[in-house]
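Structure record follows, encoded as structure tokens.
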Amino acid sequence: MFTNYIWMETINFQNVYLTILTSKFALGAIGFILFLFIGILTLYWIRKSYLTYLNPNVLPNMLLHKKTSWTLILVVSIIFGVLGTILIQGLGWEPLLKVLNYEPFGKTDPHFDMDISFYLYILPFLEFVLGVLFSLSVIVLLTEIGAYSVFEMYRKSRMAQLHLGFTVGFIGLILAAQHLLEPYGTLLTNSVNVFQDSVVYGLSYTDDVINIPKSYVLAAAALIATVWMIIVLVRGKLKSVFIPIATYVAIVILGQLASVAVQQFVVSPNEFHQEKPYLERNLEFTRAAYGLEKINEIDHPSENSLSEELIERNQLTIDNVRLNDSRPLLDVYNQKQTIRNYYKFRDIDIDRYMIDGDYSQVFLGARELDTTNLPDQARTWVNDNLRYTHGYGVTMSHVNEIDQQGQPEYLLQDLPTEGAIELERPQIYFGEEDNKSVIVNTNVDEFDYPQGEVNASTRYEANSGIPLQGINKLLFSIKEGSFRMFVSDQLTNESQLLQTRNIKERVNRIAPFFDYDQDPYLVIRDDGTLVWMLDAYLTAENYPYAEPYEENLNYIRNSVKVTVDAYTGDVNFYVANEDDPLFRTYQNMFPDMFTTDVPEDIRAHFRYPEKLFTIQADKWGYLSHV
């Protein structure tokens, strides 16, 4: 935890780390205290019941001796508290923070008139709390049953009967509360019973007619059964305790059978007519969940002829028609532009730049370092960790031009990189390769790029790494599993550790609560520096009526664009859509994390995310054919 905090502090995201860590500790503390208190109360009541009802001669000395018995109660309760910590941690810090910081959507469901935020944040939280309390109560009840089976205390001891009655009553209340929440859950699934699904996602005819009323009946039945069981327990008529349980189970079974009957004999024979009003809600909310509610569908007239006027009017588009294929181009780049076998182009990106005053679509690849391809004799600790630290430069070519040999028409090429755009910082310390940590600003000059028979060298000029001074040097030597790092005389007071250099791992380590696009792309900024850009997706479950696109996920937005500087590793989370209520919730959770002012040279390279487009296209196809 300490080294993670130092790393986060170095890149100015320590508040994010502390918020998450504090939430985890808070959950653990709540679980421990709750279960500890219930454990002490339960065991104390059991001990008092034993002392009140049983003859001291039949009791062990540890129960009779107050100090010993309290020590035993405390030890067992602490173990119980640890179990509570583990159980409560199952909620996760993220749902907790969302409940405490959520923003309303300003849109309500048409059946219960509840804001969408209730289903995304509050309902799952309430269900978890009730589930924990129910599990806790059942554990306590089983403990009491075992304890009061001694000498049949449950028949004769008034305190034992009161204890059992209190626990049973609490279980009944929790069960009734769970049933009262079930109607809201009908808006979040297409399941109408354990055997059948509806064609409508969300509230269906069977839910409306049977399942919702059934939930209220079961809530009342749970309360009546609870009162009934408490009475028979207090009166000692234990045989009668099974009557309310059997009655409750019978109502559950009858409710399922009624749901099956209505779905099979009322809905299925005339499904479209019965489900039509519910299907309309399904379509409306699915559009809203995927940001499709503002799309207008229009007919586009085709033209059978291509005129000179039409070509002139669309000259920019025609000049940028992509003729070359990026897939074989990757092999060409790796054959012609790596220069040395320890360089590698991992991917080819497609972007647009102003080239000589013209807006042009281009291919772009980053020349990253792959030290695994160094000769074996060069694979020393100094080379791997201090000398070979970064890749160098980019290669860029037109999307629709080739030279006389059929090779790409390069706009940027070779080492050092030359061409249509000047690179101020061509060094790539952070990229898509899975490169391990390196140490910069040591007594060893860093290899920069090959230059004929000699090699150009460089020194790291940023101050964005972890300072390897004092306790940091010891801690990160342990973290990296490198004793050599701790004792090496090549390190100085200026040395810095560059850790987590894979950009996807880097942003996920900072903000694991986002989903990230799997295809980052490199951007050359106006000042000649290089940054990687990633699309961050905000996703959620439980959007009412909406069809899911993956497992239970049925809401997605691309409200955040992330950049990682290829030289410094600095990360920025830029706001792309501040109207998204889910984003505003995260903004409330982490107020210092997001940057609202997006530089123009960054905004110019925003693109529509492929994953989001694919999901929206799929859902639009579904909506158009229903």
**Study point:** Residues Phe195 and Arg459, FRET efficiency given R0 of 60 Å [Cβ-Cβ distance, rounded to 0.05]
**Key:** 0.30
Revision key, fill the gap. If R0 = 30 Å, then Leu474 and Glu550, at their Cβ-Cβ distance, give a FRET efficiency to the nearest 0.05 of 0.10
Practice item. Roll a 1.4 angstrom probe over the protein heavy atoms and tell me the percent of accessible area of segment 260-414 that is carbon or sulfur. Key: 46 percent
Check your understanding: Just how many pairs of Lys in segment 467-625 have C-alpha atoms closer than 17 Å, counting pairs that are eight or more places apart or on different chains?
Key -> 4
Check your understanding: In nm, to one decimal, how far is the modelled label at Thr614 from the one at Asp526, with both set 7 Å along Cα→Cβ?
Key -> 3.4 nm
Check your understanding: So what are the radius of gyration and Dmax for the Cα set of segment 54-138, in Å?
Key -> 21.6, 68
Exercise for review: State, to one decimal in nm, how far the label point of Met114 lies from the label point of Asn304, with both points 7 Å from Cα in the Cβ direction.
Suggested key: 5.9 nm
Study note, to complete from the structure: Carbon plus sulfur, as percent of the 1.4 Å-probe accessible area of segment 7-123, comes to 68 percent
Check your understanding: Order of 283-296, 321-334 by packing, highest average Cβ count within 10 Å first?
Key -> 283-296, 321-334
Practice item. Subtract the Cα-Cα distance of Asp356 and Leu100 from 0.36 nm times their separation in residues, and report this length gain in nm to one decimal. Key: 86.9 nm
**Study point:** Relative contact order of the chain, defined on C-alpha pairs under 8 angstrom at six or more residues apart (%)
**Key:** 12 percent
Point to revise | Among 11-17, 488-494, 449-455, the order from most to least packed when residues are scored by Cβ within 10 Å on average | key: 11-17, 488-494, 449-455
Exercise for review: Mind grabbing the accessible area of Phe513 for me, 1.4 Å probe, Å², rounded to tens?
Suggested key: 20 Å²
Revision key, fill the gap. Sorted by accessible surface (1.4 Å probe, heavy atoms of the protein chains only), largest first, Ser23, Ser268 come out as Ser268, Ser23
Check your understanding: When DSSP assigns beta bridges and you keep just the ones with both residues in the chain, what percent turn out antiparallel, to the nearest 5?
Key -> 95 percent
Review point. How many percent of the accessible area of segment 475-607 is carbon or sulfur, using a 1.4 Å probe?
Key: 39 percent
Exercise for review: Please tell me the relative contact order of segment 555-626 in percent, rounded to the nearest whole number, where contacts are Cα pairs under 8 Å and at least six residues apart.
Suggested key: 26 percent
Exercise for review: Taking every pair of Cα atoms in segment 119-219, average 1/r, invert it to obtain the Kirkwood radius, and report Rg/Rh to two decimals.
Suggested key: 1.15
Study note, to complete from the structure: Here the gain from full extension of Asp319 to Met62, 0.36 nm per residue of separation minus their alpha-carbon distance, amounts to 83.5 nm
Exercise for review: Starting from the Cα-Cα distance between Arg603 and Arg158, subtract it from 0.36 nm times their residue separation and give me the gain in nm to one decimal.
Suggested key: 152.8 nm
Revision key, fill the gap. Per-residue accessible area, 1.4 Å probe, largest first, puts Arg557, Arg379 in the order Arg379, Arg557
Check your understanding: What fraction of the DSSP beta bridges in segment 417-567 is antiparallel, stated in percent and rounded to the nearest 5?
Key -> 95 percent
Revision key, fill the gap. Judged on accessible area alone, 1.4 Å probe, highest first, Trp45, Trp7 line up as Trp45, Trp7
Study note, to complete from the structure: log10 I(q)/I(0) for segment 162-314, Debye formula on C-alpha points only (no solvent), q = 0.16 Å⁻¹, two decimals, reads -0.92
Review point. Taking only protein heavy atoms and a 1.4 Å probe, what accessible area per residue, in Å², does the chain have with all protein chains in place?
Key: 50 Å²
Point to revise | (1) 33.7, 116; (2) 29.1, 90; (3) 32.8, 110, with the label sought being that of the calculated Rg and Dmax of the Cα atoms in Å | key: (3)
Check your understanding: Evaluated at 4 °C with a viscosity of 1.567 mPa s, what Stokes-Einstein diffusion coefficient in µm²/s does segment 382-525 have when Rh comes from the Kirkwood expression over alpha-carbon pairs?
Key -> 74 µm²/s
Practice item. Return, ordered by residue number, the residues of segment 79-121 whose backbone nitrogen is under 15 Å from a label point located 7 Å along Cα→Cβ of Met1. Key: 85-86, 89, 93
Check your understanding: Roughly how many Å² of Lys24 are accessible to a 1.4 Å probe, to the nearest 10?
Key -> 90 Å²
**Study point:** Square roots of five times the Cα gyration tensor eigenvalues for segment 497-626, Å
**Key:** 28, 16, 14
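The values are calculated or read from the model by the stated rules, or taken from the named source; none is laboratory data. Values in this document were obtained by computation on a predicted structure and should not be read as measured data. As a convention, Cβ positions derive from the backbone with ideal geometry for all residues, glycine included, and neighbour counts pool all protein chains shown. Protein only, heavy atoms only, side chains kept; ligands, DNA and RNA dropped before computing areas. Shrake-Rupley method; radii C 1.70, N 1.55, O 1.52, S 1.80 Å.
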